[in-house]
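Encoded as structure tokens, the structure appears first; notes follow it.
The values are calculated or read from the model by the stated rules, or taken from the named source; none is laboratory data. The shown structure was predicted, so the numbers you read here are calculated from the model rather than taken from an experiment. Ideal geometry is used to build each Cβ from the backbone, glycine not excepted, and the neighbour counts take in all protein chains shown. Side chains are part of the model used for accessible areas, which takes the heavy atoms of the whole protein and leaves out ligands, DNA and RNA. Shrake-Rupley method; radii C 1.70, N 1.55, O 1.52, S 1.80 Å.
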Amino acid sequence: MDRKKKTGWKRHGAQALWALLTNSYLAGFARGKIYQGKLKNLCVPGLNCYSCPGAVGSCPIGAVQAVIGSWNFKLAFYAAGFLMFVGALAGRFVCGWLCPFGLVQDLLHKVPFPKKIGTFRGDRLLRKMKYMILIVFVILLPMFLVDVLGQGSPYFCKLICPAGTLEGGLPLVLMNGSMRSALGWLYAWKNILLLITIVFSVMIYRPFCKYICPLGAVYSVFNPISVFRYRVDEEKCTGCGMCAKVCGMQVDPAEDANHPECIRCGACRKSCPVKAIH
């Protein structure tokens, strides 16, 4: 196994360990029930469904949707502050190392396919969609479409999120007969989106992260200014292009080492023959 593959599997090991830690309520999978202890009041850095039977923390995107339209300013400031703190500290490092659904996409992309798709016409424009999803489904709809009590719905989780379907929807439905009898068009729609995401993840590296994920959109804003970020030694760099060649997110570190699309996976740093990236 070459050095690049060893590095990749080390990262996947870290991803798997973090996924296990943040979904360690194993009794939930046996009982088909969601953990509702005090730890659920805290957010985890990555996209991790609140409704996953094993989840011991809250998804930050779900938390924002839950409080953004309410008068509970303490929780609203906590959710926003948490995202800003994590983003300012590490940017999209969370996407590359701590997101369970990122691990799922990484492993799916290892499935053999006749022709993997790196980029295509409209790819750059399509990547703007995650910012629109953040603004519309995570902020505007929960803020303005509220019930008589002034509470909004988690529209992104409810209508789009394939991670929630995989981690929460499917396990709960499989383990609860009462839920299976109440399934409708929305559940079918969410499973169609999940299936599409799975298929495209085999062909395209991390399509959910590139085009859909609102959490990645938030963290991407902090990539250029985060405390922990990449730096390129211009005196060492030979312009060989190896770093750009190995980047699954189609970033050229020699031009912009902290591009908003960079998930800090470390592939560029490990591939650099002169160790110019650190």
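Results, tabulated for the structure shown:
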| item | result |
| --- | --- |
| Volume per residue that the Cα convex hull of the chain spans, once the total is divided by residue count, Å³ | 146 |
| Full-stretch length increase - residue 116, residue 147 - with 0.36 nm per residue and alpha-carbon distance subtracted | 6.6 nm |
| Segment 157-278 - Rg over Rh from alpha carbon coordinates, Kirkwood radius | 1.15 |
| For segment 1-145: span of alpha carbons on each principal axis (Å, largest first) | 53, 42, 30 |
| Rg/Rh for segment 228-275, where both radii come from Cα atoms and Rh is the Kirkwood radius | 0.90 |
| Members of 10/40; 115/236; 38/110; 40/270; 115/158; 158/245 lying beyond 31 Å, as alpha-carbon distances in this model show | 115/236; 38/110; 40/270; 115/158; 158/245 |
| Crossing angle, helix 73-90 versus the chain [Cα axis fit, 0-90 degrees, rounded to tens] | 20 |
| Simple label model, 7 Å out from Cα along Cβ direction - residue 176 to residue 21, nm | 2.9 |
| Among 228-240, 108-120, 24-36, the order from most to least packed when residues are scored by Cβ within 10 Å on average | 24-36, 228-240, 108-120 |
| Accessible carbon and sulfur surface of the chain relative to its total accessible area, %, 1.4 Å | 70 |
